1. Please compare each pair in LYS122/LYS180; LYS73/LYS100; LYS123/LYS180; LYS100/LYS148 to a cut-off of 20 Å on the Cα-Cα distance and tell me which ones are over it.
2. Between SER137 and ASN271, what is the label-point separation in nm under the 7 Å Cα-to-beta-carbon projection?
3. Rounded to the nearest 20 debye, what is the charge dipole size of the chain about its Cα centre when +1 sits on each Lys and Arg Cβ and -1 on each Asp and Glu Cβ?
4. Distance in nm between label sites at HIS60 and ARG120, each 7 Å beyond Cα in the beta-carbon direction?
5. Determine the calculated [θ] at 222 nm for the chain from helices alone, applying -39500 (n - 2.57) to every DSSP H run no shorter than 4 residues and normalising by the residue count; nearest 500 deg cm²/dmol.
6. In whole angstrom, and with the biggest value first, how far do the Cα coordinates of segment 1-106 range along each principal axis?
7. Distance check, please: which entries in LYS196/LYS259; LYS66/LYS227; LYS29/LYS241; LYS208/LYS306 exceed 28 angstrom between their Cα atoms?
8. Show which aspartates and glutamates lie in cross-link reach of LYS309 when reach means a straight Cα distance below 17 angstrom and same-chain residues fewer than eight apart are skipped.
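Bear in mind these aren't lab numbers, they're just calculated from the coordinates by the rules spelled out. Bear in mind that the values here come from a model prediction, so they are computed numbers and not experimental data. Neighbour counts are summed over all protein chains in view; Cβ atoms, including those assigned to glycine, are modelled from backbone coordinates with ideal geometry.
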Amino acid sequence: MKKRILIIAPSWIGDMVMAHSLIQIIENKAEIDVFAPQWSAPLLERMDGVSQAIVHDFKHGSLDLKARFQIGKSLILNHYDQAILLPNSFKSALIPFLAKIPQRTGYLGEMRFLLLNDIRVKKHYRTVDQFIALGISNQQNLEVLPPKLNSQPINLNKFDLNLDKPVLALCAGAEYGSAKRWLIEYFVEVAQHYLKQNWQVWAFGSIKEQMQGLAIEKVGGVNLCGKTTLAEAIDLLALSKAVVSNDSGLMHVSAALNKPLIAIYGSSDPNFTPPLNSNAKILSLNLPCSPCFKRECPFGHLNCLKELKPKQIISTLEELMQ
């Protein structure tokens, strides 16, 4: 009989995508439910191996003890054998404890020594390896299965789109901060190059990336920033021929859709959260001052991104697509 496992999911799109590598490792020996933020439901719906998504609407950083107590008590009836906690926060450990799940696996993290009873020590740097290590006993040879998202059919007429030309997807945003965002004028130059090659260019992002989307629209691209749900963005990205993206949640989504992908890294470390896709190419200048992991460039020059020119992205993408 399969174990019943509850995975406590992370709160970022990219991390939620990478969690699918863990799900694939354990799905053959377990029935897997995932406790996750409401926004992540479209991701979980497109992942093989997830039996049930149990979603919540806790605000980021909110403790909300009463609601967590109620949810924890309700989950007792599911009779889970194990909980695997991907976040390191105190509050993420409360529900498995309150649900009386007998094996509660996670890294020590934030003041939760008494809430966990299967405490692991981090031995890996990459986020995906840290996730997988929580689901296996042998830590020596981690098998990393790339995350996979199954796209669903989408009505292109809703967005006044068609597929009469190949699509280049540009993901010019990054929620974390400006030190992760390649210059918008560089994205525009890439867009102009492919528009001249008789491609379409679709700009993806949230409403916060509306200015980037408008800049790409101004030269002839399609601005989808803030105009799609996450589910629609996933299914539209699946229709693209190639993607150029900052290190962001949509970058990891594109990788999980197995798209030819250029992933641009500035302040973040490609060794920590790389795209897990053999069709992806990482571009990073590896300057002495990077990765700094800062939201904004602490020196004010942003050379880790400014010195990465559009011609290099275009030539690398051409090589990748060949």
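1. On the way: LYS122/LYS180 26 Å; LYS73/LYS100 8 Å; LYS123/LYS180 26 Å; LYS100/LYS148 32 Å.
Over 20 Å apart, Cα to Cα: LYS122/LYS180; LYS123/LYS180; LYS100/LYS148.
2. 3.2
3. Working: 34 positive and 28 negative charges, 127 e Å.
Dipole of the chain, to the nearest 20 debye: 600 debye.
4. That separation, rounded to one decimal, is 2.5 nm.
5. Only helices count here, giving -9000 deg cm²/dmol.
6. 34, 30, 20
7. Details: LYS196/LYS259 22 Å; LYS66/LYS227 35 Å; LYS29/LYS241 36 Å; LYS208/LYS306 21 Å.
Where the Cα-Cα span goes over 28 Å, the pairs concerned are LYS66/LYS227; LYS29/LYS241.
8. Hits, sequence-local ones excluded: GLU185, GLU189, ASP247, GLU318, GLU319.
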